[in-house]
Amino acid sequence: MRLIAAPAPGDHEPRPLEAVEAEALDAYSRVVTGVAERLSPAVANLRVARETPGGRVLDGAGSGVVFTSDGFLLTSAHVVAGARFGEAAFPDGEELRFEIVGADPLADLALLRLGDPPPAAAELGAAERLRVGQLVVAIGNPYGFGSSVTAGVVSALGRSLPTRAGRIVDNVIQTDAALNPGNSGGALADGEARVVGINTAVAGVGLGLAVPINDATKRILVALMRDGRVRRAYLGIGGGTRPLPPRLAARVGRQRGVEIVDVVSGSPAARAGLRPEDLILSVAGTPIERVDDLQRLMVEELIGRPVVLEVVRNGELRTLDLVPAELVVS
């Protein structure tokens with residue numbers, strides 16, 4: 001049986017379905033090849049200098065994306081962990097030395113700077129504009145011989161990614177574009193070749209994850225450029241999300257809070273009198289329903305600033321004054 005497609009506006013004869021499918025595939029291919037041609041020159045293979053018993057050696061690590069014409073690169077923090085400098089190899093064969101400007105293990109992002117002008121630079125996009133089902137292209141440079149290009153769609157948005165530093169990265173992009181070994185630190189791009197994510201993990205077959213390029217990421221980049229690190233506030237508690245009893249939920253107007261399960265001795269939380277089993281409902285007037293709500297609040301501006309915590313203790317609402325300290329990441 002030969003299938004035919006409905007006629008296009010202005011056509012008099014229906015077209016064979018094979019022709020319609022061929023046109024769609026051609027359009028898809030043009031987008032992917034266009035992104036690859038524009039973006040691949042800005043994606044480098046990274047080899048970092050590591051100390052070994054036999055001396056310092058350059059070790060293959062992953063990929064990086066140049067995003068400024070004066071040679072700043074973005075990559076995953078775990079790609080360059082424990083190193084201070086290395087070499088970036090580009091698809092055109094050029095090899096340039098780089099230094100590590102700073103890293104934020106809690107977001108799994110690192111900022112590098114080339115010693116010489118790069119062959120090309122990518123444009124950063126906005127992950128906030130992505131939609132589930134949208135075409136994305138993953139580009140890495142795992143071996144330095146040329147780019148690795150795969151394509152797929154945005155499978156999900158708003159995923160969470162536990163980093164090696166023990167923090168949760170929010171709003172991670174999930175894609176079915178294949179992420180090959182060595183692609184960590186490479187680019188996830190939209191159909192206009194704008195970088196919307198930094199590929200960071202392969203969670204399973206057909207399940208790749210990328211740290212989004214959004215306003216929070218750009219604030220991290222500014223902090224790394226300025227200080228070489230990202231300052232975050234610290235309370236000194238361990239906890240988890242807990243549903244509120246119905247009567248209490250109706251009273252406070254929300255369904256969940258963060259229950260404290262551990263308080264670090266000598267921490268700001270300990271000095272403020274917080275205890276295990278206390279239930280945090282708000283910090284500085286901002287409602288807290290999940291652990292990641294609390295994490296998002298721990299920004300530089302809160303360090304050393306007195307804040308009021310609303311907590312439930314033994315079924316009673318209380319307020320406690322607390323002064324967050326600066327988080328020290330070893």
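The values are calculated or read from the model by the stated rules, or taken from the named source; none is laboratory data. Please read all numbers here as calculations on a predicted model, not as lab measurements. Glycine gets a Cβ as well: all are built from the backbone with ideal geometry, and neighbour counts include every protein chain shown. Only protein heavy atoms, including side chains, enter the accessible area calculation; ligands, DNA and RNA are left aside. Shrake-Rupley method; radii C 1.70, N 1.55, O 1.52, S 1.80 Å.
Data for the structure
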item	result
Whichever residue in the stretch 75-104 is touching a helix residue (DSSP H, G or I) at 6+ places or on another chain (Cβ under 7 Å) and closer than 14 Å to Leu46 by Cα and, among such residues, is surrounded by the fewest Cβ atoms within 10 Å (Cβ to Cβ)	Pro91
Members of the stretch 240-256 that are open to solvent by less than 70 Å² (accessible area, probe 1.4 Å), in contact (Cβ under 8 Å) with a residue 24 or more places away in the chain and out of contact with any helix residue (DSSP H, G or I) (no Cβ under 9 Å at 6 or more places or on another chain)	Leu248, Val252, Arg254
Answer residue from the stretch 68-93, given it is under 21 Å from Leu106 (Cα atoms) and not aliphatic (A, V, I, L, M) and is modelled with the lowest pLDDT among those	Gly82
Scan of the stretch 31-84 for residues that are of a type in the set (Gly, Ala, Ser) and under 19 Å from Thr150 (Cβ atoms), ordered by number	Gly34, Ala36, Ser40, Ala42, Ala44, Gly62, Ser63, Gly64, Ser76
Ala49 vs. criteria farther than 27 Å from Leu157 by Cβ, part of a strand (DSSP E or B), free of Cβ contacts under 8 Å to residues at least 40 places away in the same chain and more than 21 Å from the chain's Cα centre (by Cα)	yes
Unmet criterion (only one of (1) more than 23 Å from the chain's Cα centre (by Cα); (2) in contact (Cβ under 8 Å) with a residue 24 or more places away in the chain; (3) in a helix (DSSP H, G or I)) for Ala27	(2)
Strands (runs of 3 or more DSSP E) wholly inside the stretch 177-282 that include at least 3 residues being of a type outside the set (Ser, Thr, Tyr) and under 22 Å from the mean Cα position of the chain (by Cα)	187-189, 194-204, 207-212
Selected residue [of a type outside the set (Lys, Arg), closer than 15 Å to Leu244 by Cα and open to solvent by less than 100 Å² (accessible area, probe 1.4 Å)] from Gly304, Gly315	Gly315
Hits in the stretch 220-249 (condition: farther than 27 Å from Ile280 by Cα and basic (Lys, Arg))	Arg226, Arg229
Selected residue [of a type in the set (A, V, I, L, M, F, W, C) and surrounded by 14 or more Cβ atoms within 10 Å (Cβ to Cβ)] from Val222, Val261, Val299, Val328	Val299
Arg113 more than 18 Å from the chain's Cα centre (by Cα) and either open to solvent by less than 10 Å² (accessible area, probe 1.4 Å) or free of Cβ contacts under 8 Å to residues at least 40 places away in the same chain (or both)	no
From the options Ala107, Ala151, residue that is assigned to a loop (DSSP other than H, G, I, E, B) and buried (at least 20 other Cβ atoms within 10 Å of the Cβ)	Ala107
Failed item, numbered, when Leu279 is tested on (1) open to solvent by less than 40 Å² (accessible area, probe 1.4 Å); (2) within 30 Å of Val101 (Cβ to Cβ); (3) touching a Lys or Arg at 6+ places or on another chain (Cβ under 7 Å)	(2)
Any hit, the stretch 289-305, residues being in contact with a Phe, Trp or Tyr (Cβ under 6 Å, 6 or more places away or on another chain) and hydrophobic (A, V, I, L, M, F, W, C)	no
Set Pro91, Pro117: member being more than 25 Å from Leu297 (Cβ to Cβ), part of a loop (DSSP other than H, G, I, E, B), out of contact with any Pro (no Cβ under 9 Å at 6 or more places or on another chain) and not charged (D, E, K, R)	Pro117
Residue in the stretch 41-58 that is touching a strand residue (DSSP E or B) at 6+ places or on another chain (Cβ under 9 Å), at pLDDT 95 or above and open to solvent by 10 Å² or more (accessible area, probe 1.4 Å) present	yes
Any chance Arg229 is open to solvent by 60 Å² or more (accessible area, probe 1.4 Å) and at pLDDT below 85	no
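One line per residue, one yes/no per condition, for (1) within 23 Å of Ser29 (Cβ to Cβ); (2) at pLDDT below 90; (3) open to solvent by less than 10 Å² (accessible area, probe 1.4 Å); (4) small (Gly, Ala, Ser):
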| site | (1), (2), (3), (4) |
| --- | --- |
| Val196 | yes, no, yes, no |
| Ala201 | no, yes, no, yes |
| Gly206 | yes, yes, no, yes |
| Ala210 | yes, no, yes, yes |
